[in-house]
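Remarks on the structure that follows.
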Amino acid sequence: LEFSDRDVLDEVEIRHLLIEHVGHRCCWGSRPARTWKITSIEDCNVYVGTLETFIEERDTILKKEPYDGGKIDGRDKGPVLGVWELDLRSEFPMLFVPEKEVMVKIPHSEITEKCLDCEGRGEAPCPTCNAGQQHGFYKANQMTRCSVCHGRGLLAHQDGSDSVCGMCNGQGMLPCIACASRGLVTCQTCNGCGSLLAQSTAHVRWKTLTARKVSATTGAASVPDEVFHRAQGVQLCNIQAYQCTPAFFADSYP
Ligand SMILES: [Zn+2]
Ligand SMILES: [Zn+2]
Ligand SMILES: [Zn+2]
């Protein structure tokens, strides 16, 4: 029941294998193996094929960060290559590693642009005290009522006396906690720079996909499971290439 690439075993070999098999069992006799008539010999080869395909995916990610001056690697320094034109041979992984991923800056792709969140001002209306306010229109010195003294500036005591509210120092109103009532906060998008540096980055992924196919001759169904799973098998072929041609075996076709 050994996986074999020879056509069919002959009777002498079969008897030899049977005698060897019963020899491993302490109380089995070898007479049937030696004397019984063999009437038919059935093939039960099983082919296990594994196809590993290696694929590469590339896409471009546009990243923006605050720009506070300094040199940029822009179009004036050279052409901007398309994502599939980049030479990434130094990054290539070994064939058939499960996965690898890299981010590579695309040369000469940097450009600066005005921050749209603050219209280039570097500051934006405070979302706490000037929520929903248009750029350039905001109110400074917006105060909120002190929640400790409810705007009185004084705290009443049980004996009828009052004391100055410590929270608002007797003012009854508190400045905005987000902007100290300036009405403006630093723009989060550009970090106050008013400008952004946009840069294209190539996101490259290599991945191995594995497909396994088992092909068995009809005779294999009659082989007990435990015998079947013990069979070692031999490697019939192993091809690595950029493009593999289909492999054919003797009984690939009925
Ligand atoms: Zn901004
Ligand atoms: Zn505010
Ligand atoms: Zn108060």
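The values are calculated or read from the model by the stated rules, or taken from the named source; none is laboratory data. All values reported here derive from a predicted model rather than from experimental measurement. In this analysis, Cβ positions are derived from the backbone assuming ideal geometry, glycine residues included, and neighbour counts consider all displayed protein chains. Please note that ligands, DNA and RNA were not included when accessible areas were found on the heavy atoms of the full protein model with its side chains. Shrake-Rupley method; radii C 1.70, N 1.55, O 1.52, S 1.80 Å.
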Among the residues listed as Glu99, Glu56, the single one being open to solvent by 60 Å² or more (accessible area, probe 1.4 Å) and over 30 Å from Asn191 (Cβ atoms): Glu99
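Filter the strands (runs of 3 or more DSSP E) completely within the range 162-245 down to those with at least 3 residues that are small (Gly, Ala, Ser) and either within 16 Å of ligand 1 (Cβ to nearest atom) or farther than 30 Å from Lys105 by Cα (or both). Don't jump to the end; show me each part of the working.
Working: elements: 162-164, 173-175, 184-186, 195-216.
Correct list: 195-216.
Please go through the range 156-172 and give me each residue that is at negative phi and more than 8 Å from ligand 3 (Cβ to nearest atom), ordered by number.
Our first condition is that a residue be at negative phi; within the range 156-172, this holds for 156-159, 161-168, 171.
Within the range 156-172, Ala156, His157, Gln158, Asp159, Ser161, Asp162, Ser163, Val164 meet the criteria.
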Leading residue by the ranking (farthest from Lys71 (Cα to Cα)) among those in the range 111-129 that are of a type in the set (Asp, Glu) and open to solvent by less than 70 Å² (accessible area, probe 1.4 Å): Glu123
Residue in the range 111-118 that is over 23 Å from the mean Cα position of the chain (by Cα) and within 16 Å of ligand 2 (Cβ to nearest atom) present: yes
Subset of the range 158-186 [over 17 Å from Arg145 (Cα atoms), touching a strand residue (DSSP E or B) at 6+ places or on another chain (Cβ under 7 Å) and open to solvent by 70 Å² or more (accessible area, probe 1.4 Å)]: Asp162
Odd one out for Gln240 among (1) open to solvent by less than 40 Å² (accessible area, probe 1.4 Å); (2) over 30 Å from Leu62 (Cα atoms); (3) not acidic (Asp, Glu): (1)
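Output the residue which, of all residues in the range 130-152 that are more than 16 Å from ligand 1 (Cβ to nearest atom) and either over 30 Å from Asp162 (Cα atoms) or of a type in the set (A, V, I, L, M) (or both), is least open to solvent (accessible area, probe 1.4 Å). Talk me through it step by step, then tell me what you get.
Of all residues in the range 130-152, those more than 16 Å from ligand 1 (Cβ to nearest atom) come to 131-132, 137, 139-152.
If we keep only those that are either over 30 Å from Asp162 (Cα atoms) or of a type in the set (A, V, I, L, M) (or both) as well, we get 131-132, 137, 139-140, 143, 148.
Values: Ala131: 74, Gly132: 86, Phe137: 136, Lys139: 117, Ala140: 51, Met143: 88, Val148: 71 Å².
Among those residues, the one meeting the criterion is Ala140.
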Positions within the range 32-61 being in contact with a strand residue (DSSP E or B) (Cβ under 7 Å, 6 or more places away or on another chain) and not charged (D, E, K, R), in sequence order: Val46, Tyr47, Val48, Gly49, Thr50, Leu51, Thr53, Phe54, Ile55, Thr60, Ile61
Leu155 being part of a strand (DSSP E or B) and either away from ligand 1 (no atom under 16 Å from the Cβ) or open to solvent by 90 Å² or more (accessible area, probe 1.4 Å) (or both): yes
